[in-house]
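The values are calculated or read from the model by the stated rules, or taken from the named source; none is laboratory data. Quick caveat, the model's predicted, so the values are computed rather than measured. Cβ placement follows ideal geometry from the backbone for every residue including glycine, while neighbour counts extend to all protein chains displayed.
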Amino acid sequence: MHDPVLVVHGGAWAIPDDMVEAHLKGVRSAMAAGWRALERGGTALDAVEEAVVIMEDDETFDAGRGSFLNRDGKVQLDALIMDGSTLRTGGVGCVEHLRNPVRAARKILSESPHVYFVADGAEKFASEHGIPLCENGDLIIPREIERLREFQSRLTSESQEDARDLFAPTISHDTVGAVALDSKGNIAAATSTGGTLNKAPGRLGDSSLIGCGCYADNKSAAASTTGWGEPIMKLVLAKWAADRVLAGNLPEWAAAEAINYLESRLNGHGGMILLDARGHYGIAHNTPRMAWAVKTANREHVAIEHHT
Ligand code: GLY
């Protein structure tokens, strides 16, 4: 028997002071839901799914309802879930009619020979497997309509160079994720996102790509990343960190090194949670804030500042 461990994050960015409480509450609720799954004898996979569903349902985060809007004013969601014991994986990309893309990803993992579905095909698969579809409008909230309007009016009124601001940590990247170790010694990871503000329709970020925004292998580690997706994809950052754990390093070191690498190699920003099958974990980010929570049999911690 292993002592379970659960780590969740609610995105790495310059979370404003007036959103700190909502983020802390959200990651705390996600942690509680994931932990309940583990206490009921659920698997690490169950725990990460339940934790991520809570954050997809919470309008605070850029996942599920309340996500950033794309250039056309639509919500387009990506999610991935991965089982470290079998390497079975399910991913969805560019879905517009699913409240909980991580549930569809889990169905793909468990009920499809395929790994990844996008757009209409992903929604058809979900619907055929008992997951109700919703209107895209059900995922859109007034805060995000205003955020997009404000951003687009700045783009048209100022120089196009301001498009670079899209990737400033003050604006973007509130992706959510979870990693867990269950009592059987298996690890899993899940990541879900609405992607970046004003993204081009059809743009896929790192979150739902294996080894980029999410990865899990009992032999190395489970990882979930958050941040500016393009640099994270180019570095295959979740796998990069897991490989350092496989080489004998602690997740605490590997997560910090991964974020250093992201910054030094591509001037990227973001964060990562990383957990190995012995229960060692790392939490790192180079953004002003990242909401995270960790629970073990004898420790519970929820924070929004740097991990210490
Ligand atoms: N990390 C989320 C995204 O770039 O889509």
Q: Go through L266, L250 for me and flag whichever is modelled with pLDDT of 95 or more, over 30 Å from K199 (Cα atoms) and among the aliphatic types (A, V, I, L, M).
A: L250
Q) Does the stretch 101-126 hold any residues that are in contact (Cβ under 8 Å) with a residue 24 or more places away in the chain and not in a helix (DSSP H, G or I), and which are they? A) V115, Y116, F117, V118
Q: Report, by residue number, each residue of the stretch 65-94 that is within 20 Å of G11 (Cα to Cα) and assigned to a strand (DSSP E or B).
A: L77, D78, A79, L80, I81, M82, G91, V92, G93, C94
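Looking at the stretch 177-215, which of the residues that are among the β-branched types (V, I, T) and within 10 Å of the ligand (Cβ to nearest atom) is farthest from the chain's Cα centre (by Cα)? Don't jump to the end; show me each part of the working.
Residues of the stretch 177-215 among the β-branched types (V, I, T): 179, 187, 191, 193, 196, 210.
With the extra rule that they be within 10 Å of the ligand (Cβ to nearest atom), the set shrinks to 191, 193, 196.
On the way: T191: 3, T193: 6, T196: 13 Å.
In this case the residue turns out to be T196.
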Q.
Step by step: first the residues of the stretch 235-271, then only those that are more than 17 Å from V7 (Cβ to Cβ) and small (G, A, S), then the one that is surrounded by the fewest Cβ atoms within 10 Å (Cβ to Cβ). Which residue is that?
A. G248
Q: Please find, among D62, D3, the residue that is assigned to a loop (DSSP other than H, G, I, E, B), on the phi < 0 side of the Ramachandran plot and either more than 14 Å from the chain's Cα centre (by Cα) or at pLDDT below 95 (or both).
A: D3
